[in-house]
Structure formats: C-alpha cells, structure tokens
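The values are calculated or read from the model by the stated rules, or taken from the named source; none is laboratory data. Since the structure is predicted, the reported quantities are computational estimates derived from the model, not experimental observations. Here the Cβ positions follow ideal geometry from the backbone for every residue, glycine too, while neighbour counts run over all protein chains shown. Heads up: the accessible areas ignore ligands, DNA and RNA and are worked out on the full protein's heavy atoms, side chains in. Shrake-Rupley method; radii C 1.70, N 1.55, O 1.52, S 1.80 Å.
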Amino acid sequence: EPYMKGQMKANAKPNECLVIENAPLGVQSGHAAGCFVVGVTTGPIPERDLYKAGADIVYKSMLAFQEALPALLEALKA
C-alpha cells in the first residue's frame, strides 16, 4: 500500500517506479505494487531472503548499488 499511494501521488505507473529496500517486508510491498525492486543487504538479512520476498536484483552493499546504478538505470530505460 505505501508504494501504491506514492505512485498515485506522483501520478506514476508501476513500471515507472524504482523501489530500493533492505527489508523483506519493504521488498514485498514494492513487488506487490508492481515496481522494479532493488534489494540491498545493509544488515543481517541474507541476500536470499530479499530475493524470496520478490526483489528483482540484490546488491551486497550500498556502495555496490551506487556503482551499479547508472548502468541499472540505462537498462531499465530499454
């Protein structure tokens, strides 16, 4: 629901939204809203749990995500 409300406020479609989360419940919420979901393991939650929750891709750290972000955004445009 939080991501759906955000989409409505931004007048955006799900495929125009990028969700970045580090917790399974947030990943599930973004996935349920139809968004592309990036999981980032910033704490004790294993990568596999973020994938199980519905993450489309998972990065092992914020630094790894930061480095990959330009290429990821280009790929999502295509």
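Things to note:
- Unique match (being open to solvent by 70 Å² or more (accessible area, probe 1.4 Å) and not hydroxyl-bearing (Ser, Thr, Tyr)) among Pro14, Pro44: Pro44
- Tally of residues being open to solvent by 40 Å² or more (accessible area, probe 1.4 Å) and over 11 Å from Asn22 (Cα atoms) across the stretch 52-63: 4
- Close Cβ contacts (under 8 Å, 6 or more residues apart or on different chains) running from residues in the stretch 1-26 that are closer than 17 Å to Gly39 by Cα to residues that are surrounded by 12 or more Cβ atoms within 10 Å (Cβ to Cβ) and of a type in the set (D, E, K, R) comprise Pro24/Asp49; Pro24/Lys52.
- Residue in the stretch 19-27 that is of a type in the set (D, E, K, R) and modelled with pLDDT under 95 present: no
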